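The values are calculated or read from the model by the stated rules, or taken from the named source; none is laboratory data. Nothing here was measured: the structure is a model prediction, and the numbers come from that model. Every residue, glycine among them, receives a Cβ derived from its backbone with ideal geometry; neighbour counts consider all protein chains shown. Just so you know, the surface numbers come from the protein's heavy atoms only, side chains and all, with ligands and any DNA or RNA stripped out. Shrake-Rupley method; radii C 1.70, N 1.55, O 1.52, S 1.80 Å.
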Amino acid sequence: MTQKNVRTAVLEEAIGLINGPRQAHYGTPQENFGTTSHMWSAYLGIKVSPGDVCRLMALLKLARLRNGPHHDSSCDGAAYMALGCELDEGMLDVPVQQP
């Protein structure tokens, strides 16, 4: 059996997280990041989209990686980027409820 390379393992772990326990705990990406985007928009006084929330969270993970490698931050960053893409492409016509 061939051993997976690191990039494949990280992406597969990210897939498992965003399609498994995290969604069960936090709700769908549309619900969770939609709510967060409304809160951040109100606080900042500018429009923040659900996809922006994902990219900003990925930047947080990148900032943490400046202090050295950390497997969880790399995995979470990949997951946030994938979720942001999904929200940008699949949520264009889906209204998000205001909190």
Q.
Can you tell me how many residues within the stretch 44-62 are touching a Leu at 6+ places or on another chain (Cβ under 8 Å) and either among the small types (G, A, S) or open to solvent by 70 Å² or more (accessible area, probe 1.4 Å) (or both)?
A. 2
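Specify which of the listed residues (G34, G68, G77) is in a loop (DSSP other than H, G, I, E, B) and of a type in the set (G, A, S). Show your work before the answer.
On the way: G34 fails: in a loop (DSSP other than H, G, I, E, B); G77 fails: in a loop (DSSP other than H, G, I, E, B).
Sole residue among the options that is in a loop (DSSP other than H, G, I, E, B) and of a type in the set (G, A, S): G68.
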Q.
Which pairs turn up if I take residues in the stretch 51-78 that are under 20 Å from T36 (Cβ atoms) and look for partners that are not in a helix (DSSP H, G or I) with beta carbon separation below 7 Å, at least 6 apart in sequence or on another chain?
A. R64/H70
Q | Residue selected from the stretch 16-35 under the condition in contact (Cβ under 8 Å) with a residue 40 or more places away in the chain and under 19 Å from D88 (Cα atoms), by the criterion most open to solvent (accessible area, probe 1.4 Å) | A | E31
**Q.** Among the candidates G27, G90, G68, residue that is modelled with pLDDT under 90 and on the phi > 0 side of the Ramachandran plot
**A.** G27
Q: Just give me the residues in the stretch 37-62 being more than 16 Å from A82 (Cα to Cα), among the β-branched types (V, I, T) and assigned to a helix (DSSP H, G or I), in sequence order.
A: none
